[in-house]
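Everything on this sheet refers to the single structure shown next.
The values are calculated or read from the model by the stated rules, or taken from the named source; none is laboratory data. This one's a predicted model, so the numbers in the text were calculated from it and none came from an experiment. A quick note on method: Cβ atoms are made from the backbone with ideal geometry, for glycine too, and the neighbour counts reach across all protein chains shown. We work out accessible area using only protein heavy atoms, side chains counted, and drop any ligands, DNA or RNA first. Shrake-Rupley method; radii C 1.70, N 1.55, O 1.52, S 1.80 Å.
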Amino acid sequence: MSATTPIGAWNTRRTYAIISHPDAGKTTLTENILFAAGSIRLAGQVRARGENRRTRSDWMKIEQDRGISVSASVMTYEYKGLTFNLLDTPGHEDFSEDTYRTLTAADSAIMVLDAARGVEPRTLKLVEVCRLRDIPILTFINKLDREALAPEALLDDIQDKLALDTAPMQWPAASGQRFAGVMDLAKDKFVPFKPEEGEMASGAPVGADQLEGLLTPDVYGELTEGVEMARELCPPFKKQSYEEGHLTPVYFGSALKRFGITELLDALADVAPGPQPESAIIKKADREILPDGKDVSGFVFKVQANMDPNHRDRVAFLRLASGKFKRGMKLKTHKGKSITVSSPIMFFAQDREIADEAFAGDVIGIPNHGLLRVGDSLSESGEIVFAGIPNFAPEILRRARLADPLKAKHLKKALESLAEEGVTQLFRPVIGGDFVVGAVGQLQIEVMAERVSAEYGLDVTFEPAPYETARWLSGSDKDIDAFADRHKSAMAEDIDGDPVFLAKSAWEVGYSEEKWPDLKFLRAKERNQ
């Protein structure tokens, strides 16, 4: 950073996501990162009881009841002169679309692994998404205070399953009841595990020459051998390889015991990249939007309604890609609609503060009444269109049935609102009055039912629909009209009014593709493009 760069400029921003398989400890890590950074006074454990101990980033009632994350939260904190925007993604696989959308707003990621399990299927899918976006990954191997796989086996697992080189920055001294701490390989200092010593379980670092008297002979022998092997056989950390997505630095600890958290924070401050150029289209030409550009611009990657149950609010999460944003600015959508951003919000889970200014890399909330949707591009000129955020073909389709038919308008509003947030997808059949909702997994349907009941006071049954999957149609108007005329009972429109084919089976999709070669039956569609 040059001496002329003002503090608070775009290059002091670090926006990152945390990804993991369910139950690897992501939410606990998120909580304790905020605690260690001084952002909260009391970190809430998922298993704790009482409203004052609820996990801070899991603010939705269903999340608190089940101890799982089903919504992406955004939390801003400051550490070592940098402003961090932490994007907490849903851990449950049924919410992979929400996670994908959140990763479009991240410049780097922390991958959390359970030390007893290594790389699990959900982690594999999330790393594939990071790879598509060229997002560098820092690894935190969690739960060392429980019995774990050998560190070399965990590193091999990452290399074999994820095709990532591993550069261990630390080496653990045993695990479970024998876990004694970690050796910092660069500083040649040992950080003892002291779970009995107050808020953070890290003792004062000691030199390598003092270890023999500190550790039991068996743990000392294992650690010495492991450190020697790591230094001889593992590649050294190279920032360029990390930023290019070829190598991941690896840290060890216990989120629950708050061990290794400070070292992880320091690593983020040292190596996590700042805002990156974003692909966009300006006047039908491909462009890269640079973070130091003058035109304020950004894209909506999430919409959340009713974060505060006492107010019918609706907030669009805007990831700023360029420029210096100031409160009261007028921005335009890529569709030409203008909006004055008079009350921009910075987030701390469900807590908020008004933002007077923000820079590229920041995430701000824009309260609105349905004007902004996921995938919208905003800029001062209104000419920038960022690469679209996709909807994926649903794997579960359900028909919405109201107990009270007189509340049909209320149901329409509720389902449209949830679809615009990206909780589920909504299809309006051409024939018949019942809405059809689509989801990746069953939990999405359950969350939708919970929210329709709690936030809109509606008694709705989501029963199996006579369809198995959906495909968006692409082709000439003539061909689409001809297909729709032949398949009226299977045709619907999505929330954008685009034609959708509701198929009874994958075989029917394949058969239709053969019979209508000039049409494309799409598994994914860019939102609002």
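Yes or no, residue by residue, for (1) part of a helix (DSSP H, G or I); (2) open to solvent by less than 10 Å² (accessible area, probe 1.4 Å); (3) under 28 Å from T89 (Cα atoms); (4) modelled with pLDDT of 95 or more:
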| residue | (1), (2), (3), (4) |
| --- | --- |
| L406 | yes, no, no, no |
| H410 | yes, no, no, no |
| E420 | yes, no, yes, no |
| V423 | no, no, yes, no |
| Q444 | yes, yes, yes, no |
| A449 | yes, no, yes, no |
| V452 | yes, yes, yes, no |
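On the stretch given as region 251-284, residues that are open to solvent by 30 Å² or more (accessible area, probe 1.4 Å), more than 25 Å from G176 (Cβ to Cβ) and either modelled with pLDDT of 95 or more or not in a loop (DSSP other than H, G, I, E, B) (or both) total 5. The set of residues from region 346-395 being part of a loop (DSSP other than H, G, I, E, B), under 21 Å from Q276 (Cα atoms) and touching a helix residue (DSSP H, G or I) at 6+ places or on another chain (Cβ under 8 Å) comprises A360, G361, V374, I389. Here V112 clears all of (1) closer than 21 Å to D270 by Cα; (2) touching a His at 6+ places or on another chain (Cβ under 9 Å); (3) open to solvent by 10 Å² or more (accessible area, probe 1.4 Å) except the condition numbered (3).
This table checks each residue for (1) of a type in the set (G, A, S); (2) open to solvent by less than 10 Å² (accessible area, probe 1.4 Å); (3) modelled with pLDDT of 95 or more; (4) more than 15 Å from L223 (Cα to Cα).
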{"residue": "V127", "(1), (2), (3), (4)": "no, yes, no, yes"}
{"residue": "P136", "(1), (2), (3), (4)": "no, yes, yes, yes"}
{"residue": "P151", "(1), (2), (3), (4)": "no, no, yes, no"}
{"residue": "E197", "(1), (2), (3), (4)": "no, no, no, yes"}
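Filtering region 344-394 to residues that are over 30 Å from E468 (Cα atoms) and open to solvent by 50 Å² or more (accessible area, probe 1.4 Å) leaves Q350, D351, R352, E353, I354, D356, E357, P367, H369, L371, E380, E383. Of all residues in region 200-222, those that are within 9 Å of G181 (Cβ to Cβ) have Cβ atoms under 9 Å from Cβ atoms of residues that are acidic (D, E) and at pLDDT below 90, 6 or more apart or on another chain, in G203/E197. Selection of region 234-250 for residues being closer than 18 Å to Q170 by Cα and either in a loop (DSSP other than H, G, I, E, B) or at pLDDT below 95 (or both) yields C234, P235, P236, F237, K238. Residues in region 187-198 that are closer than 18 Å to P236 by Cβ and touching a residue at least 40 places away in the same chain (Cβ under 8 Å): there are none. Which residues, counting only those in region 459-471, are farther than 17 Å from E514 by Cβ and surrounded by 19 or more Cβ atoms within 10 Å (Cβ to Cβ)? Residues satisfying the conditions are V460, F462, A465, Y467, A470. Filtering A109, A105 for residues that are touching a Cys at 6+ places or on another chain (Cβ under 6 Å) and closer than 30 Å to A360 by Cα leaves a single hit, A109. Selection of region 234-273 for residues being β-branched (V, I, T) and more than 14 Å from V191 (Cα to Cα) yields T248, V250, V271. When L144 is tested against (1) part of a helix (DSSP H, G or I); (2) surrounded by 24 or more Cβ atoms within 10 Å (Cβ to Cβ), just one condition goes unmet, and that condition is (1).
Residue check: M75 meets all listed conditions (1) open to solvent by less than 10 Å² (accessible area, probe 1.4 Å); (2) at pLDDT below 85 but one, namely (2).
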